[in-house]
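Structure first, commentary second.
The values are calculated or read from the model by the stated rules, or taken from the named source; none is laboratory data. The shown structure was predicted, so the numbers you read here are calculated from the model rather than taken from an experiment. Quick reminder, even Gly has a Cβ in these numbers, built from the backbone with ideal geometry, and neighbours come from all protein chains shown. Side chains included, ligands, DNA and RNA excluded: accessible areas come from the protein's heavy atoms. Shrake-Rupley method; radii C 1.70, N 1.55, O 1.52, S 1.80 Å.
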Amino acid sequence: MKFQGLVRIISKKEINDEVFTLCVERPKAIESIKAGQFFNIKTSAYGSPMLRRPISVSGYDKDSIEFTIKVIGDGTKQLHQYEVDEKIDIMGPLGNGFEYSNEQEILVIGGGIGIAPVKGLLEVLKRENPNIKVTTILGFKDEPYLEETFNALSDTLKIVSETDSRYEKGFVTEPLKSIIWKPFQMTYACGPTPMLKAITPVLNAAKMPVQLLMEEKMACGIGACLVCTCKIKEGDFGYKHQRMCKDGPMFYGSEVIFDA
Amino acid sequence: MKFQGLVRIISKKEINDEVFTLCVERPKAIESIKAGQFFNIKTSAYGSPMLRRPISVSGYDKDSIEFTIKVIGDGTKQLHQYEVDEKIDIMGPLGNGFEYSNEQEILVIGGGIGIAPVKGLLEVLKRENPNIKVTTILGFKDEPYLEETFNALSDTLKIVSETDSRYEKGFVTEPLKSIIWKPFQMTYACGPTPMLKAITPVLNAAKMPVQLLMEEKMACGIGACLVCTCKIKEGDFGYKHQRMCKDGPMFYGSEVIFDA
Amino acid sequence: MHNQSLKLGVDLNGLTLHNPITVASGTFGFGREYSEYIDLNQIGAISVKGLTLEPRSGNEGIRIVETPMGMLNSVGLQNPGVHAFIKEEIPFLRQYQTKIIANINGNNIEEYCEMAQILSNEDVDSLELNISCPNVKNGGLAFGTNPEVVKEVVSKVRKHAKKHLIVKLSPNVTDIKAIAKIVEQEGADCIALINTLSGMAIDIYKRKPVLNRISGGLSGPAVKPVALRMVYDVAQTVKIPVLGMGGISNTADAIEFLLAGATALAIGTANFANPKVTAEILNGIETYMRTYQYDDINQLIGDLR
Amino acid sequence: MHNQSLKLGVDLNGLTLHNPITVASGTFGFGREYSEYIDLNQIGAISVKGLTLEPRSGNEGIRIVETPMGMLNSVGLQNPGVHAFIKEEIPFLRQYQTKIIANINGNNIEEYCEMAQILSNEDVDSLELNISCPNVKNGGLAFGTNPEVVKEVVSKVRKHAKKHLIVKLSPNVTDIKAIAKIVEQEGADCIALINTLSGMAIDIYKRKPVLNRISGGLSGPAVKPVALRMVYDVAQTVKIPVLGMGGISNTADAIEFLLAGATALAIGTANFANPKVTAEILNGIETYMRTYQYDDINQLIGDLR
Ligand SMILES: Cc1cc2nc3c(=O)[nH]c(=O)nc-3n(C[C@H](O)[C@H](O)[C@H](O)COP(=O)(O)OP(=O)(O)OC[C@H]3O[C@@H](n4cnc5c(N)ncnc54)[C@H](O)[C@@H]3O)c2cc1C
Ligand SMILES: Cc1cc2nc3c(=O)[nH]c(=O)nc-3n(C[C@H](O)[C@H](O)[C@H](O)COP(=O)(O)OP(=O)(O)OC[C@H]3O[C@@H](n4cnc5c(N)ncnc54)[C@H](O)[C@@H]3O)c2cc1C
Ligand SMILES: Cc1cc2nc3c(=O)[nH]c(=O)nc-3n(C[C@H](O)[C@H](O)[C@H](O)COP(=O)(O)O)c2cc1C
Ligand SMILES: Cc1cc2nc3c(=O)[nH]c(=O)nc-3n(C[C@H](O)[C@H](O)[C@H](O)COP(=O)(O)O)c2cc1C
Ligand code: FES
Ligand code: FES
C-alpha cells in the first residue's frame, strides 16, 4: 500500500512574498523517496478546489519531507495558510523522479519555482557524492530566490532574470549556450514548459543527455485517469501519449515531443 | 448604503466543544443595530460553501458586535477557524429584529443556539431599563451552556435539558405551562422551529403576545431572492408568503402559520 | 493609458446598455434591496423578478438547497403580478439609468401574449420571455424544451410585443442550437441563456425530496461550464446577440462569456455571496481591456483566437 | 446491533455485487493504480476505462480543466484496445473478488456489436454500452441523444451481447425518461447514468478554448443535483435496475442516490481527491443503515417517504 493520509507540519518558512516552504513529518510507511518525485496534496478540507495539487519534493531526509511552494491561485494560497502542527493530507511519493547514480560532473537548470525539485536533487547528490561537480543555471522572471542555498550546492552558479537588473538579463538558454561544450555527464532541468522546450533542442543537438522534470495539470496523480499526457516519440515519425504523473514527470529530452 | 465588507476579529472565546463567540469591530458605517437582527457572513474566501451564513447578533455595543455560533457543518466550521486579528466579511445588520420599548416584566424562551440572540436582547433591555423583570426558560438537547450569563441577566431562570440529568428533563413547554398565568407584557423566543411551533399555540391561547425569532435557509439575506419564506396569516383563512430575512426573522406568534 | 476612457456600451439589437453587466431575473428582486449595497446606475440592465399576469405566492415548503458551488431554487415565481410591477416598481427603477427588462411568464401562450401586450404600453426597455416554466398542457415539460412549442410561443408573443424582445432559453435540452435558430427565425431580438438546470436533492434524515416539487433549478458556479458551452454554441449559430449567464461569479468568468460571444452578461446567484459583484466585475473587465489593449468592449466580444 | 452483519449485496438484474459501490469508467483505469491505495476486494465492481476495438492514443492538447467543484475532461478514449484489455487486464482484475464491467465504445454501430461479440466470450461480468461518444454519422451528436439511434444501437448490440448488458446514458438530453424507456424495451439489463455533461472553458489569457475539441465532459460534485434528478426520474420510469452516478463524493451523496432508487452506485471523480473514498462511503452507508435500522441495503433503495 502507498501512502495517503495526514501528516504533521514541522516547520514553515517564508522565502519571499510568494514562495514558502512547508516541512512535514515523513510517515514511516514511506520507504523510499527520490528527488523529482512529487506528492499530490489536498489543499482544503472543504472541497474547493476539488482536486489535489501536485508539489515536488524539494528536500527530504529520513524524518521529514520538504515542499517549496509558490502561491499562484486558490490551492497554493490555502497551502500557505497552514501553520506548524496542523495536519495536511498528502499522497505519494508519486512519479518516477530523477535517475541518478554516481555522475561526477553535472549541469543543472532551474526556472522559477522549478528550482524547488532541483534543490532537492542537489542535496541528495551532494549527500551521496560530496565530490560531485555541479554547474547550475537558474532563471527567474523577477527577483531570484534561494540564491544562497544554490550557491552552497553548486561549484558554478549562474543566475539570470528577465527583469531584475542586478542579475544577467535574459533566459537560461544564453548561459547554457556558453557552457554547453563542457563534458557534463548529465543535465537535470525543471522549469516552465517554454523553458524546457527552449533548452531541449540545444542539449539534444549537443548530444548531451538531459532529464526534464515536466509539468501538466493533473487529477488522480497516479496514472488512472489519463488527463495528464506527455507526447513521447515512437519509432521515427510516430508518437505515443504517456502519463505525465505516472510515466513522468521525468522524461529524457531525447524522447519528448514539444507541441504548440 | 448598508454595510458589507471586512471587519477585524477582536476576540474569540470557546464556550464549549461546539459553541464559540466571535467579537468583531463594529464598522462606523453601521449606525444602529437591534437585538434579533443578524448578519450574513461569508465563511470562506475560497468560494465553498458558496452562500453566506446568517448569524444573529448575540451582543453589541458602540465598538463591537458579538456572534455566538454553534459548529454544525462546513460553514460554521470555517467560522470557527478564524483567529483574532483576521478579517471576516460580514453584511448587515439584516432583518427586523425584536421590537422593544419599556416593558417591565417579560418572559424569554431560548432553545439551543437560539439562546444567542436572546442573550443579546437581554443585555440591551437591562442596559436600557435596569429594573426590568426577566423570567427566562432555556432548553437544551444536551449540556446547557451560558448558564451563568443568563443567571446574571434573569430574575428567574429555568433550564431544561433532554439528556443532561443535572437539569430538569424535557422541553421548554413544561416550565412554560407552569408560569403562563403570570402577567408578562411580552414574550421573546428563539429556538428550533419545532420549539417555536410548540410554544406558540400555548402563548396564543393565553393571549400573551410573543415575538418569535425564526430561522430558514437563506441565500441573499436581504429580501431579493425569495427563497426564505414565512407563512403569515392573511384574512381569516388565507396566507401570504413573507420573507424570513427581510420581513422577519421576527414575527409575532399570532401571525405565523406553522406547517408540517 | 490608464486614463483613457474605455467604450463599454453594447447594443443588444435595439436595447442599448451603457455597460454589458446586467443582473439575472429572480436574483435581484426589483432592485430595491440591492440599491442599499451598490449604485444601480452601474448596472447595464436589471431583469426583474419573473412576472405573471396575476400575483403569485410561490411554492410552499423549502425553496432552496445549497449544493456544491451551486444552489437549487424552487421559488415558483412568487411575484406581485404585472400590474403591481407597473405601478410600484417601474417608477422606482426609473430613478436610475439602468435599463429595465421585464421577465414574463405564462401558464399558457395566451397569458404570455397578454403580458407582452400590456407591457408593450409601459415604460420598460425590453421584454424577456422566460420559456423555462413548466407547460401544463405539455405534461409539465417546460415550454422551452419542445421546438414546436417554442416556435408557437415566440411567434405569437412577437406579434404582441411592441418592444425589444429577449427570449430566454432552458438549458435542459438536447440541442440548444436548434431551439436558438427557431427563436431567431420567429423574430426575437436577442437570446438569453441559460436558465437553471433541472436538479434535485434528498433529505437523507427525513428520507424525502427536500423540495416539495421534487426538482428545482440549479444555478451558480457549478453550472458555468455548461452555460459557457451553450452560450458559445448559440453565439456561433445565430446572428442576433446573446445575453449570456449561468454561474458568472468573477471577472475571469465574465471574460470567458464575452470571448465566447455573449454581447452582454447577466449575474445571478453570485449576487447572493457578494452584493457588489456586478461592480467588481465591471471593474475587472476594464482592467482586462487595458491589459489586452481593447478600447471598445465590442472588440472583445467573440474575440477567440 | 453493531455487530449484526448487514446485507449489502445487490442484484443488478443478473449482475450480483457484494456491495453497491462500484467505480466509474475512465476514472479508475484498470484498477492497477488504485490497488496501491485501497483493497479492490472492497469494491462491488470496476467499470474499466472505456474500450475501443483498436488501441487509441486519445486527444491531443490539454485534457482537463478544473471548474467550481467539478472538472471537464477531454481524454478522448485513450485505451489499449479491447484485445490488450483481454490479455493484460482481465487476469489482473480476476485476482480480486470485484466484478468486471467492460465499458465499450464504438465509432459506429458495427463496432459496438463487434466489441460486444468479442467480450461475450471473455471473462468479464458485464458489458457497459457507452452511448455518449460522438456519433460521426449523426453530425457528431452523441449516439445517446437521439432516440432512434439509441433504439437501433441497443437492439443490435443486445443481439451480440451474451452477457449482462448495461446501457450508460448521456445526460445531455431533453427527456431522459424517454431514452431510458427505449433502452429498457430493447432489452438492456440495467441502466447506468449519468455520463458527463457537455461543458466548456476558455483560457482568457490565450483567448482560446482550453480544450482542443472545444467542449469536454463535466463531472464531479457540481453535477450531482442534475445526476440525482435524472437517476430519480429514470428509476421511477423503468423496471430494470439503475446504476447511479454523477458527483457522488461522500456518504450523504451515496444515500441520496440509493433513496432516489439507484440499486448500485458508481464513484468517479471523487476518487481523484480521495483514493479511499469508495471504502469510506461503504463504511458510511453501513453506519447509516444501523442508525436507520436497515439490515438489508435493498430495503434502503428507493425508500423515499
Ligand atoms: C509534477 C508537478 C510538480 C510540481 N511541483 C511544484 C512545486 O514544487 N512547487 C510549486 O509551487 N508548484 C509546483 N507545481 C505546480 C503546482 O502544482 C501549481 O502551481 C498548483 O497546482 C497551482 O494551484 P493553485 O490552485 O494555486 O492555482 P490554480 O488556481 O490552479 O491556477 C492558476 C492561477 O494562475 C492564473 N493563470 C493561469 N494562467 C495564467 C496566465 N497565462 N497568465 C496569468 N495568470 C494565469 C489563473 O487565473 C489562476 O489563478 C508542480 C506541478 C506538477 C505537475
Ligand atoms: C436569521 C438566522 C439567525 C441565525 N443565528 C445563528 C446564531 O446566532 N448562531 C448560530 O450558531 N447559528 C445561527 N443560525 C443558524 C446558522 O445560520 C446555521 O447553523 C448555519 O447556516 C449552518 O451552516 P453550516 O455550513 O455550518 O452547516 P450546513 O452544512 O449548512 O448544514 C447543516 C449540517 O447539519 C446536518 N444536518 C442537517 N439536517 C440534519 C438532521 N436532521 N440530522 C442530523 N444532521 C443534519 C447536515 O448534514 C450538515 O452537516 C441562524 C440562522 C438564521 C436563519
Ligand atoms: C432564486 C432564483 C430565482 C430565479 N427566478 C427566475 C425567474 O423568475 N425568471 C427567470 O427567467 N429566471 C429566474 N432564475 C434564473 C436566473 O435568472 C439565471 O438564469 C440562472 O440563475 C443562471 O444564472 P446564475 O448561475 O448566475 O444564477 C432564478 C434563479 C434563482 C437562483
Ligand atoms: C477522466 C474521466 C474519464 C472518463 N472516461 C469515461 C469512459 O471512458 N467511458 C465512460 O462511459 N465514462 C467515462 N467517464 C464518465 C464517468 O464514468 C462518469 O459517468 C462521470 O464522470 C460522472 O461521475 P462522477 O461525477 O462521479 O465522475 C469519464 C469521466 C472522467 C472524469
Ligand atoms: S493525473 Fe490521472 S493519469 Fe495523470
Ligand atoms: S434570503 Fe433572499 S429573500 Fe430571504
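Table: residues versus (1) more than 20 Å from residue B:118 (Cα to Cα); (2) within 16 Å of ligand 6 (Cβ to nearest atom).
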{"position": "B:39", "(1), (2)": "no, yes"}
{"position": "B:42", "(1), (2)": "yes, yes"}
{"position": "B:61", "(1), (2)": "no, no"}
{"position": "B:83", "(1), (2)": "yes, no"}
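The listed residues are A:149, A:187, A:135, A:200, and the only one of them that is touching a Phe, Trp or Tyr at 6+ places or on another chain (Cβ under 8 Å), closer than 30 Å to residue A:52 by Cα and not charged (D, E, K, R) turns out to be A:200. Being at the interface with chain C (Cβ under 9 Å from one of its Cβ atoms) and within 14 Å of ligand 3 (Cβ to nearest atom) is the filter here; which residues of the range B:228-243 pass it? Of everything in the range B:228-243, those that are at the interface with chain C (Cβ under 9 Å from one of its Cβ atoms) and within 14 Å of ligand 3 (Cβ to nearest atom) turn out to be B:228, B:229, B:241.
Being under 20 Å from residue B:221 (Cα atoms) and modelled with pLDDT under 95 holds for only one residue in B:75, B:36, B:47, and it is B:47. Annotation: of all residues in the range D:36-62 being free of Cβ contacts under 8 Å to residues at least 60 places away in the same chain and closer than 20 Å to residue A:221 by Cβ, the one that is surrounded by the most Cβ atoms within 10 Å (Cβ to Cβ) is D:46. Where strands (runs of 3 or more DSSP E) sit wholly within the range D:41-103, those with at least 2 residues that are closer than 30 Å to residue B:47 by Cα, within 16 Å of ligand 1 (Cβ to nearest atom) and within 14 Å of chain C (Cβ to nearest Cβ) occupy D:64-67, D:70-73. Only one entry of A:227, A:202, A:210 meets the criterion of being open to solvent by less than 60 Å² (accessible area, probe 1.4 Å), modelled with pLDDT of 95 or more and more than 30 Å from residue A:43 (Cβ to Cβ), and that entry is A:210. Of the residues making up the range C:256-273, none is open to solvent by 20 Å² or more (accessible area, probe 1.4 Å), farther than 22 Å from residue D:194 by Cα and either facing chain D (nearest Cβ under 10 Å) or charged (D, E, K, R) (or both).
Answer yes if at least one residue in the range B:141-155 is over 30 Å from residue C:69 (Cβ atoms), in a strand (DSSP E or B) and not small (Gly, Ala, Ser), and no otherwise. No: zero hits. Restricting attention to the range C:274-294, the residues that are part of a loop (DSSP other than H, G, I, E, B) and surrounded by 14 or more Cβ atoms within 10 Å (Cβ to Cβ) add up to 5. Scanning the range B:94-113 for residues that are assigned to a helix (DSSP H, G or I) and crowded, with 23+ Cβ neighbours inside 10 Å gives a single hit, B:113.
Every condition in (1) under 16 Å from the mean Cα position of the chain (by Cα); (2) within 14 Å of chain C (Cβ to nearest Cβ) is met by residue B:225 except one, and the failing one is (1). The criterion of at least 1 residues that are within 14 Å of chain B (Cβ to nearest Cβ) and open to solvent by 30 Å² or more (accessible area, probe 1.4 Å) is met by the following strands (runs of 3 or more DSSP E) wholly inside the range A:10-86: A:53-60.
Residues in the range B:211-237 that are touching a residue at least 60 places away in the same chain (Cβ under 8 Å) and more than 16 Å from ligand 6 (Cβ to nearest atom): B:211 only.
Take the conditions (1) within 15 Å of ligand 5 (Cβ to nearest atom); (2) modelled with pLDDT under 95; (3) open to solvent by less than 50 Å² (accessible area, probe 1.4 Å); residue A:240 misses just one of them, which is (3).
Put simply, of C:74, C:5 the only residue that is buried (at least 21 other Cβ atoms within 10 Å of the Cβ), out of contact with any Pro (no Cβ under 6 Å at 6 or more places or on another chain) and of a type in the set (S, T, N, Q) is C:74.
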